[in-house]
Amino acid sequence: MSIYPEIIFEQIEIGPMENFIYFIGELSTKKVAVIDPAWDINFIKQHAAGKGFTITHLLLTHGHFDHINAIDGFQQGNLQVVVSKHEPKISSPPDLNLVKVDNGDIINIGNIALKCIHTPGHSCGSQCFKYKDILLTGDTLFIDGCGRCDLPGGNAESMFESLNTRIRPLPDSTIIFPGHDYGNERSATLAAQKKTNPYLTAETLNDFLHKRMGIPTT
């Protein structure tokens, strides 16, 4: 998959829960980040080696097990594990560098700058990563869906706020790349999702709570 000529960008489905992992980085140096490394550390390493990639960062959209369970397989002292400072403590190997970020922070993969966007709702520290029109949404936003809000750290009101103040204002040309293959497509534009995603079409909090949590409208 090639969206911009200066970058490496690959979307790969992996594991028993239809997770997507992503490789994104600088084409000229082949320095890459892995978004939400999970389920098959051998595949991730072998894929990177086969493409000549150097993994410099592990970027976590949130700390749930199905998005981070391959971290322990990495043993590189200079590799950074990036997580939101709002996410509860996660375990990572002691020889990896844990970097805590906040909304608006920039992570540089070579000369490729990814913006961190804090989007609580699925978890306290859920975040998206943005490069130009690419938006990696983890479990904040799926194609025609959104993440659960009833797990520990989840909050439906926060999810509604995140979708409406952090996601909807982005350009319509933004391409949503979710954390799971739960939709009819593997990606979609924000413009399209504003028309078909029931959680983006919810105009009020009560409407959203009814659709997401089954709470009767008032």
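The values are calculated or read from the model by the stated rules, or taken from the named source; none is laboratory data. Computed from a prediction, not measured in an experiment: that's the story for all the values here. So basically every Cβ, Gly included, is an ideal-geometry build from the backbone, and we count neighbours across all protein chains shown. When the accessible area is computed, the model is the full protein with side chains, heavy atoms only, and any ligands, DNA or RNA have been set aside. Shrake-Rupley method; radii C 1.70, N 1.55, O 1.52, S 1.80 Å.
E203: farther than 30 Å from I12 by Cβ, outside any helix (DSSP H, G or I) and not aromatic (F, W, Y), yes or no? So E203 fits the description; yes. Annotation: of all residues in the stretch 145-178 being in a helix (DSSP H, G or I) and β-branched (V, I, T), the one that is most open to solvent (accessible area, probe 1.4 Å) is T165. Pairing residues of the stretch 27-45 that are within 16 Å of L59 (Cα to Cα) with residues that are surrounded by fewer than 15 Cβ atoms within 10 Å (Cβ to Cβ) and of a type outside the set (D, E, K, R), at Cβ distances under 6 Å and at least 6 apart in sequence or on separate chains, gives I41/G73.
Screening H118 against (1) at pLDDT below 95; (2) open to solvent by 10 Å² or more (accessible area, probe 1.4 Å) leaves a single unmet condition, (1). Of the strands (runs of 3 or more DSSP E) lying entirely inside the stretch 95-139, those containing at least 1 residues that are closer than 30 Å to M213 by Cα and of a type in the set (S, T, N, Q) are 127-131, 134-138.
For S92, the conditions (1) in a strand (DSSP E or B); (2) surrounded by 15 or more Cβ atoms within 10 Å (Cβ to Cβ); (3) at pLDDT below 95 all hold with the exception of (1). When the stretch 126-144 is filtered for residues that are closer than 21 Å to L79 by Cα and either out of contact with any helix residue (DSSP H, G or I) (no Cβ under 8 Å at 6 or more places or on another chain) or surrounded by fewer than 17 Cβ atoms within 10 Å (Cβ to Cβ) (or both), the ones remaining, listed by number, are Q127, F129, K130, Y131, L136.
Tallying residues that are surrounded by fewer than 20 Cβ atoms within 10 Å (Cβ to Cβ), outside any strand (DSSP E or B) and within 20 Å of the chain's Cα centre (by Cα) within the stretch 188-197 yields 3.
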